[in-house]
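Here's the structure, in structure tokens; my notes come after.
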């Protein structure tokens, strides 16, 4: 008898499918949207931070996959009362994807598929590392009103560091600090407007450029920079191409 998996982490739901476990996935959050043609038929059990615990109980999962940052500790504790296996994940940087692939591969008997993903990730990472990246200072915005950025110890910032980009503010007690755009003028080479969790659009570029004169302002695909899991492989290549094009402007 196979596993019955409820995955409560959007990027890991995609990884579960890429490991060949889609048929064992019985529940997901409303934010688990990739791969859409596969997950659209899988029942939703709320959001990452507002789970419908009774709905999950009805699905009788053998495993629930949670993440330290995405999900609430109290929800994980409540799940542990009726789900036999709680798989806790907490990738902090790009290299942690290798352990993530192996963890799920070993948990669900997909070691060979996990090994292939590790090889693909390492090839993509080598491609990035072989290139020379001039150091630049960047402000990666994830929210508007108030403006919020990412601190250097976040997964996103560590992805950006692979192409030589230092995330501002350089020193912050918060992982996702509130910033004053005007105070960043003269301190950053470029401002990156993410597509998530706030969906920045073309109309925001002029607004930010006026507040941070002299900085290059552009939109960036947030899934490619913030989603760990199998999408991180594509994300590495996306980021390298994006950075090369940005530097050439």
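Overview of values
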{"item": "Two-site label geometry, residue 85 and residue 133: point separation in nm, points 7 Å out along Cα→Cβ", "result": "3.5 nm"}
{"item": "Proxy reagent accessibility, fewest Cβ within 10 Å first, across 75, 99", "result": "99, 75"}
{"item": "Normalised per residue, the volume of the convex hull around the Cα set of the range 43-190 (Å³)", "result": "136 Å³"}
{"item": "Between 0 and 90°, nearest 10: helix 96-107 axis offset from the chain longest Cα axis", "result": "10 degrees"}
{"item": "Nearest-ten-degree value, helix 231-248 long axis tilted from longest Cα axis of the chain", "result": "10 degrees"}
{"item": "Per-peptide average of other Cβ atoms within 10 Å, ordering 216-227, 169-180, 136-147 highest first", "result": "216-227, 136-147, 169-180"}
{"item": "Ranking of 72, 203, 231 by count of other Cβ atoms within 10 Å, fewest first", "result": "203, 72, 231"}
{"item": "Where only C-alpha atoms are counted, convex hull volume of the chain per residue in Å³", "result": "125 Å³"}
{"item": "Relative contact order %, the chain, counting alpha carbon pairs below 8 Å whose residues are six or more apart", "result": "16 percent"}
{"item": "Rg to Rh, two decimals, where the range 5-125 supplies the alpha carbon set and Rh follows Kirkwood", "result": "0.95"}
{"item": "Rg/Rg_globular for the range 159-249, with Rg_globular taken as 2.2 N^0.38 Å and Rg from C-alpha atoms", "result": "1.09"}
{"item": "Percent antiparallel among DSSP beta bridges (both partners in the chain, rounded to 5)", "result": "15 percent"}
{"item": "Ratio Rg/Rh, restricted to the range 196-249 and using Cα atoms, in which Rh is the Kirkwood radius", "result": "1.03"}
{"item": "Cα-projected label distance for residue 219 with residue 55, points at 7 Å along beta-carbon direction, nm", "result": "3.0 nm"}
{"item": "Nearest-ten-degree value, helix 202-211 long axis tilted from longest Cα axis of the chain", "result": "50 degrees"}
{"item": "Relative counts (whole %) of C-alpha pair distances in the range 90-143, using bins that are 10 Å wide", "result": "21, 36, 28, 14, 1"}
{"item": "Residues residue 72 and residue 22, FRET efficiency given R0 of 22 Å [Cβ-Cβ distance, rounded to 0.05]", "result": "0.25"}
{"item": "Sorted peptide list for 111-117, 232-238, 3-9, 28-34, criterion being average Cβ within 10 angstrom, highest first", "result": "3-9, 232-238, 28-34, 111-117"}
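Read the figures in this text as sums done on the coordinates, not as results from a lab. Bear in mind that the values here come from a model prediction, so they are computed numbers and not experimental data. For neighbour counting, all protein chains shown are included, and Cβ atoms are generated from backbone atoms with ideal geometry for every residue, glycine included.
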